[in-house]
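Undergrad: Structure below; questions to follow.
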Amino acid sequence: HVEAVAIHAFPGAWGVVASGLFASESRLRAAGYDRARAGLFMKGGCYQLGAQAVGALLIFAWTVGASAVAFLIGDRVTRRCGNASGLRVPRAVELRGLDVSEHGGPGLRFFAA
């Protein structure tokens, strides 16, 4: 059971937004950003924070949209190839747990029933 959102999405979004809070003009210039502005806490105002927030929202929208399209296509392809449940595993496997069926044991023993 991998918490992909907790491991990738939230820290990634924080990294994008934090630039709008803590970016300094000297570091932006050193990184080659001539037109970027300093972050909110570096006396740069809200402009860069707003730009970073819009960027984070666009990344989120793209990720959700692209994932939805990929899963819908994958589901249709697997159904046409003879798997009646599409991308889903059989109900018995789902109830037993994918860690058990794929890896031979529960992934998080303290959560196992």
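The values are calculated or read from the model by the stated rules, or taken from the named source; none is laboratory data. What you see is a predicted model, and the numbers here were worked out from it, not measured in a lab. Note that we place each Cβ from the backbone using ideal geometry, even for glycine, and neighbour counts take in every protein chain shown. The protein model used for the area step is the full one, side chains on, heavy atoms only, and it has no ligands, DNA or RNA in it. Shrake-Rupley method; radii C 1.70, N 1.55, O 1.52, S 1.80 Å.
Undergrad: Where nothing but the Cβ of Lys and Arg (+1) and of Asp and Glu (-1) is charged, how large is the charge dipole of the range 1-110 around its Cα centre, in debye to the nearest 20?
TA: With Lys and Arg at +1 and Asp and Glu at -1, about 180 debye.
Undergrad: Further question on the same structure: Given a 1.4 Å probe and every protein chain left where it sits, what share in percent of the accessible area of the chain is carbon and sulfur?
TA: The value for the chain is 65 percent carbon and sulfur by accessible area.
Undergrad: Still on this structure, please answer the following. Plugging the Kirkwood radius over Cα pairs into Stokes-Einstein for the chain, at a temperature of 10 °C and a viscosity of 1.306 mPa s, what D comes out in µm²/s?
TA: The diffusion coefficient I find is 89 µm²/s.
Undergrad: Helix-derived [θ] at 222 nm for the chain: sum -39500 (n - 2.57) over DSSP H runs of at least 4, divide by residue count, nearest 500?
TA: -18000 deg cm²/dmol
Undergrad: Per residue, how much accessible area does the chain have with a 1.4 Å probe, in Å²?
TA: 80 Å²
Undergrad: I would also like to ask the following. Residue by residue, what Karplus-based ³J(HN,Hα) values in Hz, rounded to whole numbers, does the range 89-94 have, using 6.51, -1.76 and 1.60 with θ = phi - 60° and x for Gly and Pro?
TA: Rounded to whole hertz, the list is 7, x, 4, 4, 5, 4.
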